[in-house]
Amino acid sequence: MKSTQPQQVAGGTKTIGGIAANSLMRPIIIILAVLHIAIIGLIMQINATSAELSETMKTAGQQIEEATSVLAGTSLLSETSTNFILMPVTEHGEVNVDPLVAFATEIQRPRRGNQVLERFRNYDVSPEAIHHLTAAAGNSELLKEAQLHALALINSVYPLPKVYPLNQIPLPELTESEKALPKEEKLAQSKTIALGAVANMNKRAVSQNTNACADIIKANAGAKAAEIGKKIAILRVVLLGGALLIMLILVGTFVALYKQMIHPLIGFVQLITANQPLNEEKGLQEVRMVASAYNSLRKRRDALDAILRSAAETDVLTNLPNRYRFEQYLLDAGESGYSLAILMFDINFLKETNDTLGHSAGDKLIRKAAECITSCFGDKSFRIGGDEFAAVVEDCKPEMVQQMIDRFREVGERANVSISVGYAYAEKINEATIKQMIDEADKLMYAEKQAAHHHRLAR
């Protein structure tokens with residue numbers, strides 16, 4: 001629709017023709033508003049249905065995890081009890097308490113067979129799944145009773161220390177005939193009870209029934225998910241139709257307004273892409289205001305960019321590259337084919353230093369640790385957490401890395417800094433993923449850290 005607008009000019013009145021924006025935009029806005037409301041409704045319905053699908057799969061996953069926890073708990077009890085039964089005393093003649101501690105801790109966790117089964121009776125699962133879980137729970141309880149019986153026999157030969165959590169193990173009372181058995185027969189009978197054919201049969205039954213229960217839950221969840229997926233697909237088709245209609249309206253509107261509004265901005269887009277200042281003397285007043293504001297912001301951005309980049313990539317306390325730089329480096333390294341070693345470090349006893357000497361002493365310890373690491377591994381050292389560091393060695397051999405670690409330990413001892421270290425090596429970086437290497441290095445480092453803490457406790 002065309003309209004005219006009088007404008008006062010020197011020497012008279014000038015009539016300007018054209019399309020009235022209100023006449024063109026009002027019906028378009030109304031139509032778009034209606035379509036958007038309809039699309040919002042569809043999106044909400046899709047989200048609700050998707051949430052139902054997600055909840056279905058999440059619930060199934062939780063149920064499967066809880067069901068398989070019976071197997072996990074049973075396996076851990078079997079492993080730890082077996083370790084103790086096979087070697088109840090150490091070579092020094094002391095009771096082998098380490099596996100018993102793990103056994104006592106696990107037996108108190110709420111994933112015992114009957115406990116899980118009781119919770120499962122409140123879940124919406126098929127009777128068949130309950131049946132298999134019931135069988136698994138029964139076998140698990142039998143296996144646990146056999147293990148406790150075996151431990152009670154060994155306890156009568158090698159009394160367990162009366163300390164927590166060993167004193168929480170519910171050992172059964174032996175019969176008079178069992179108490180009268182010679183020590184050798186008690187030990188032999190404990191192995192038969194916990195490791196014999198009946199125990200192995202119960203282990204297999206727990207595994208088979210737990211897996212069968214998980215398979216049933218998974219199959220039922222998959223069937224329900226398929227039904228919900230069909231509903232989502234239909235809603236998405238309707239949503240796509242509405243979106244296409246909106247797109248057609250917007251394209252028509254864009255074509256109509258292109259010459260009036262968009263053309264002056266095309267040059268701005270090109271200049272912004274090229275990181276050039278905008279021309280403040282072309283276009284409408286609003287466009288010129290945008291150009292002026294952009295130019296002002298650009299100047300401020302350039303002034304702050306260097307400061308922000310340094311702050312974002314550098315650890316303030318140690319002046320080392322931070323976790324962001326570490327991840328960026330590994331992202332680039334993952335595309336190369338050379339050998340690589342990733343080392344993970346963790347400062348030992350930092351919390352004790354903070355608690356006893358104060359955080360300023362802890363900060364000093366962190367800086368000393370950073371100096372030790374950088375002195376041995378150079379500029380590819382990073383601080384990735386509070387007491388965590390990392391380093392990368394390129395184009396190296398395992399023996400070279402080990403030499404560097406040996407030198408690092410010497411430097412740490414001279415500086416009186418205890419730092420646990422673990423590393424992973426790949427001959428060609430594309431043969432092993434970065435995540436696997438980090439996990440391996442972190443695992444070795446954590447094992448060394450635990451050993452350091454155990455050593456201090458032992459002293």
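The values are calculated or read from the model by the stated rules, or taken from the named source; none is laboratory data. Treat the numbers as computed from the prediction; the structure is a model and nothing was measured. Heads up, the Cβs are rebuilt from the backbone with ideal geometry, glycines too, and the neighbour counts pull from every protein chain shown. Heavy atoms of the whole protein, side chains included, go into the accessibility calculation; ligands, DNA and RNA do not. Shrake-Rupley method; radii C 1.70, N 1.55, O 1.52, S 1.80 Å.
Things to note:
- Output for the stretch 332-345, where each listed residue is surrounded by fewer than 16 Cβ atoms within 10 Å (Cβ to Cβ) and either among the aliphatic types (A, V, I, L, M) or assigned to a helix (DSSP H, G or I) (or both): Asp332
- Among the residues of the stretch 228-249, the ones that are more than 30 Å from Ile29 (Cα to Cα) and at pLDDT 90 or above come to 1 in all.
- Test: residue in the stretch 147-160 that is among the aliphatic types (A, V, I, L, M) and without any contact (Cβ under 8 Å) to a residue 12 or more places away in the chain: no
- Only one of the numbered conditions (1) surrounded by 12 or more Cβ atoms within 10 Å (Cβ to Cβ); (2) more than 23 Å from the chain's Cα centre (by Cα); (3) part of a helix (DSSP H, G or I) is violated by Arg309, and that is (1).
- The residues in the stretch 142-160 that are open to solvent by 30 Å² or more (accessible area, probe 1.4 Å) and within 39 Å of the chain's Cα centre (by Cα) can be counted, and the count is 3.
- Scope the stretch 175-219; condition hydroxyl-bearing (Ser, Thr, Tyr) and over 17 Å from Ala137 (Cβ atoms); matching residues: Thr175, Ser177, Ser190, Thr192
- The helices (runs of 4 or more DSSP H) falling completely within the stretch 15-120 that include 1 or more residues that are open to solvent by less than 90 Å² (accessible area, probe 1.4 Å) and modelled with pLDDT of 85 or more map to 21-86, 97-107.
- Candidates are the residues of the stretch 377-430 that are basic (Lys, Arg) and outside any helix (DSSP H, G or I); the one that is least open to solvent (accessible area, probe 1.4 Å) is Arg383.
- Residue match in the stretch 324-331 (condition: open to solvent by less than 90 Å² (accessible area, probe 1.4 Å), more than 23 Å from Lys435 (Cα to Cα) and either in contact with a helix residue (DSSP H, G or I) (Cβ under 7 Å, 6 or more places away or on another chain) or free of Cβ contacts under 8 Å to residues at least 24 places away in the same chain (or both)): no
- Residue list for the stretch 161-175, restricted to those being assigned to a helix (DSSP H, G or I) and open to solvent by less than 70 Å² (accessible area, probe 1.4 Å): Leu166
- Within the option set Asn295, Asn319, Asn354, Asn348, being under 28 Å from Ile434 (Cα atoms) and open to solvent by less than 90 Å² (accessible area, probe 1.4 Å) holds for one residue only, Asn348.
- Annotation note: of Ile438, Ile434, Ile373, the sole residue that is at pLDDT below 90 and touching a strand residue (DSSP E or B) at 6+ places or on another chain (Cβ under 9 Å) is Ile434.
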